[in-house]
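Here is the structure we will look at.
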Amino acid sequence: MKWIAKCMIAAAIFCAGNNVSAQITADAGMENPSILAEAKAPATIQAKEITVELKNDCGKHVTIFAGSKKEVFDGHSQSIGGMSNNTLYVKEGDVVCIMNDPKTIQACSILKPGVSKLEINPGGNGFIK
């Protein structure tokens, strides 16, 4: 019998504690709406992976970077052949940049939703729109 009484008291304290914290949370949200906004903020959305056909109309090799804007100067560029067609696997919002050297950008194109083809001009210094 004593064991049951102790369990009932513990359960009552536990339930009362949950109600108090719930009330405190509700009160805080009423006084400060930003708390509720933070609690309901949407999760970050992953960018959609896309395939882009890159045509090089220039007769010489061109060094390009394809990827996140934040990594453009990390030295992860690649060389594509002159007068070639290439396939890039990137994400929406990434960039494709023509690089003069690992730290100098000649031209960039942002890969917006719906972009599936890019073309480098015959001079190798920009993109054809």
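The values are calculated or read from the model by the stated rules, or taken from the named source; none is laboratory data. The structure presented is a predicted model; accordingly, all values stated were derived computationally and were not measured. FYI the Cβ positions are ideal-geometry reconstructions off the backbone, even for glycines, and counts take in every protein chain you see. Note: accessible area is taken over every heavy atom of the protein model, side chains too, but ligands, DNA and RNA are not part of it. Shrake-Rupley method; radii C 1.70, N 1.55, O 1.52, S 1.80 Å.
Values for this structure:
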quantity: Scan of segment 79-103 for residues that are within 21 Å of the chain's Cα centre (by Cα) and either charged (D, E, K, R) or not in a strand (DSSP E or B) (or both), ordered by number; calculated: K91, E92, G93, D94
quantity: Output for segment 36-70, where each listed residue is of a type in the set (D, E), at pLDDT 95 or above and open to solvent by 50 Å² or more (accessible area, probe 1.4 Å); calculated: E49, E53
quantity: Subset of segment 50-104 [over 15 Å from G124 (Cβ atoms) and in contact with a helix residue (DSSP H, G or I) (Cβ under 9 Å, 6 or more places away or on another chain)]; calculated: G93, D94, V95
quantity: Some residue of segment 68-76 being touching a strand residue (DSSP E or B) at 6+ places or on another chain (Cβ under 7 Å), part of a strand (DSSP E or B) and not aromatic (F, W, Y); calculated: no
quantity: Identity of the residue in segment 105-129, charged (D, E, K, R) and in a loop (DSSP other than H, G, I, E, B), that ends up farthest from G59 (Cα to Cα); calculated: K112
quantity: Residue satisfying all of: in segment 105-129; of a type in the set (K, R) and either under 20 Å from E49 (Cα atoms) or in contact with a helix residue (DSSP H, G or I) (Cβ under 6 Å, 6 or more places away or on another chain) (or both); most open to solvent (accessible area, probe 1.4 Å) among these; calculated: K117
quantity: Test: residue in segment 86-104 that is open to solvent by 20 Å² or more (accessible area, probe 1.4 Å) and within 13 Å of D57 (Cβ to Cβ); calculated: yes
